[in-house]
2 protein chains.
Amino acid sequence: MAKAKAKRTLKWQRDPEGMRLRILEAAKQEFSAHGLAGARVDRIAAKAGANKRMLYYHVGNKDELYLAVLEGAYDKIRSEERGLDLEHLDPPEAIRRLIEFTWNYFLRNPEFLSLLQTENLARAKHLKKSTKVKSMHSPFVEMIRTVVRRGIDSGDFQVAVDPVQLYISIAALSFFYLSNSATLSVIFGRDLLDKKAKDERLAHMVGLVLAALTGQSVALFEIAKAPKSRSAVVQTV
Amino acid sequence: MAKAKAKRTLKWQRDPEGMRLRILEAAKQEFSAHGLAGARVDRIAAKAGANKRMLYYHVGNKDELYLAVLEGAYDKIRSEERGLDLEHLDPPEAIRRLIEFTWNYFLRNPEFLSLLQTENLARAKHLKKSTKVKSMHSPFVEMIRTVVRRGIDSGDFQVAVDPVQLYISIAALSFFYLSNSATLSVIFGRDLLDKKAKDERLAHMVGLVLAALTGQSVALFEIAKAPKSRSAVVQTV
DNA sequence: GGAGAAATTAACCCGTTGGATAAATACTGT
DNA sequence: ACAGTATTTATCCAACGGGTTAATTTCTCC
């Protein structure tokens, strides 16, 4: 019989790279769903369609696996941010885009939020060991610093802000809302994740930050576009 | 011999209430330090100076213990907030005080942050079971709503904001900074918890929120008190 | 086509951990 | 003072979970 063809039913196939990816993906799911201590090595193996031994063979023990996942997560968001191209937008638009990107990225990648929470619960014990992660953030900070400086020079922004401080605030507004939506929804008795609530939140955040930077609180919220002079405009809810 | 006096060395004393408190305190420490899955029942017992059996006798199993801790945490912050007395301050001052209180409360009670993170990792599974917690938040929201309304009527605030949205933003700015300070300090390469950094953060947050509400970005940052007309003022860093 | 390396499976090991059982000790009211 | 109950201690254990060892199968290159 032709050798290339009916190779019979092999019990398994070799696929080191694919296996490694499946393991990391499964681990990401598991760690973000259950935290570091709550994660189960057996579940990761099962989810990856692999034998538990494979985790140790391809990545390492539980902690190393976790760090690999974490590094991958940072890698992904920073690389997407690099494509934002804020240089060619006028400063207020650049800030708006950064906020919108951050918000949407967090929405699309809830595991990223969970992983960060988990790592902070561990006081960044693992991240501190990583050499990769430390180096990839200064370009990002410079990107924001440039936007701020341009905004001041153009007169769009009233006050210079430390770019790190600004980025932390932008991230905070999205991060806290989303990562704590479960408890917040319970205590405030409303679903913070339905369509309408999410739209309102984005508008609120953009308004808050841009108003503070530009001093133009009329443009604060989108619905405040055509108000009757200076009297207050009530935001949706 | 006098009975009240030399009662000899008792092997142990009864103290149900004290024991319960010590257990809850120890559990708070343990859960906030290690998360739900990472917490060890034996460690809690040891830390409480008790026998493991006592946890089950006085509170319940691990999950019930955890919920009791969580409820206690919410209870404490809401009760302190009730003493803020925002009604008698003019609106911008009231907001400033709320921000400062929130910031300082989180600083003084880091376990509260950890507990919330842990509970959100669990998607509020436990909190949903709690009947106590749900009821104690509407007064708080009303308190903020009143401040906002007063600010609009007085002309201090330019735009009406949903009080829940506003509170979430205020909490977010402090919460994220503090709860994620470990990873943020690593990736940005500076210690976000030293004295100077904390002072700057508080000023930044107050400036951000008040500028957005009042539209007075000149008063944004404390150091921007005496700027040379409308040109930009560089914030500390 | 087959030897040796790479990848994967299967089975096991052993400390840990949440929880339970039973016995001992301290109070309280009478 | 003592009986009965509330509180606490002393052990125990079965399941779990991370990690390891050893055998099996597939692939590659000569």
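The values are calculated or read from the model by the stated rules, or taken from the named source; none is laboratory data. All of these numbers come straight from a predicted model, not from anything done at the bench. With ideal geometry, Cβ positions are generated from the backbone for all residues, glycine too; neighbour counts draw on all protein chains shown. Areas reflect the complete protein model, heavy atoms only, side chains present, ligands, DNA and RNA absent. Shrake-Rupley method; radii C 1.70, N 1.55, O 1.52, S 1.80 Å.
Our helix-only sum for chain B, with -39,500 (n - 2.57) per DSSP H run of n ≥ 4 divided by its residues, gives a mean residue ellipticity at 222 nm of -21000 deg cm²/dmol.
Between this copy and the others, label points of A:LYS11 are 5.8 nm apart in ascending order, each placed 7 angstrom from Cα in the Cβ direction. Rg/Rh for the protein assembly as shown (Cα atoms only, Rh after Kirkwood) is 1.04. Here chain A is scanned for trypsin sites (Lys or Arg not before Pro) in DSSP loops (not H, G, I, E, B) that have at most 16 other Cβ atoms within 10 Å, and the longest stretch holding none of them is A:41-122. Summing Cβ point charges (Lys, Arg +1; Asp, Glu -1) relative to the Cα centre of chain A gives a dipole of roughly 1420 debye. Using a Gaussian network model of chain A in which every pair of alpha carbons under 10 angstrom is joined by a spring, one finds that among A:VAL186, A:VAL209, A:VAL41 the greatest mean-square fluctuation is at A:VAL186. Which residue, B:ILE152, B:ILE77, B:ILE168, tops the fluctuation ranking in a GNM of chain B built on C-alpha contacts under 10 Å? Per the Cα network of chain B with a 10 Å cutoff, B:ILE168 tops the list.
Per residue of B:182-194, count partner chain C-beta atoms within 10 Å of its C-beta, then hand back the mean as an integer.
Averaged over the peptide's residues, the number is 6.
Measure nothing but the geometry: give the 0 to 90° angle between the long axis through the Cα atoms of B:110-121 and the longest principal axis through the Cα atoms of chain B, rounded to 10°. The two axes meet at around 90 degrees.
Position A:GLU142: other-copy label points at 5.5 nm, ordered by increasing distance, label point 7 Å along Cα→C-beta.
To the nearest 10 degrees, how steeply does helix B:163-179 sit against the main Cα axis of chain B, on a 0 to 90 scale? Roughly 70 degrees between the two axes. Ranked by solvent-accessible area (1.4 Å probe, protein heavy atoms only, all chains present), the residues B:HIS137, A:HIS58 order from largest to smallest as A:HIS58, B:HIS137. Lys-Lys pairs in the range B:1-124 that are eight or more residues apart or on separate chains and whose Cα atoms lie under 22 Å of each other come to 11.
Would you mind classifying the range A:71-224 by shape? Square roots of the alpha carbon gyration tensor eigenvalues, ordered a ≥ b ≥ c; an a/c under 1.5 is rounded, otherwise it is prolate if a/b is larger than b/c and oblate if not.
Here the range A:71-224 falls in the oblate category.
Take the Cα of B:LYS11, step 7 Å toward its Cβ, do the same at A:VAL41, and the gap between the two points is 4.1 nm. Taken about its Cα centre, the range B:83-219 carries a charge dipole of about 660 debye when Lys and Arg each add +1 at the Cβ and Asp and Glu each add -1 at the Cβ. For A:ARG82, the distances from its label point to the matching points in the remaining copies are 5.4 nm, ordered from shortest, with each point set 7 Å beyond Cα toward Cβ. Within the straight-line cut-off of under 19 Å between alpha carbons, the aspartates and glutamates reachable from B:LYS128 are A:ASP191, A:ASP194, B:ASP63, B:GLU64, B:GLU71, B:ASP75, B:GLU119, sequence neighbours fewer than 8 places apart in one chain being disregarded. Taking a sphere under 14 Å around the Cβ of A:GLU142 and counting the other residues whose Cβ falls inside, with K and R at +1 and D and E at -1, yields a net charge of +2. Relative to the dominant Cα principal axis of chain A, helix A:195-214 is inclined by about 60°.
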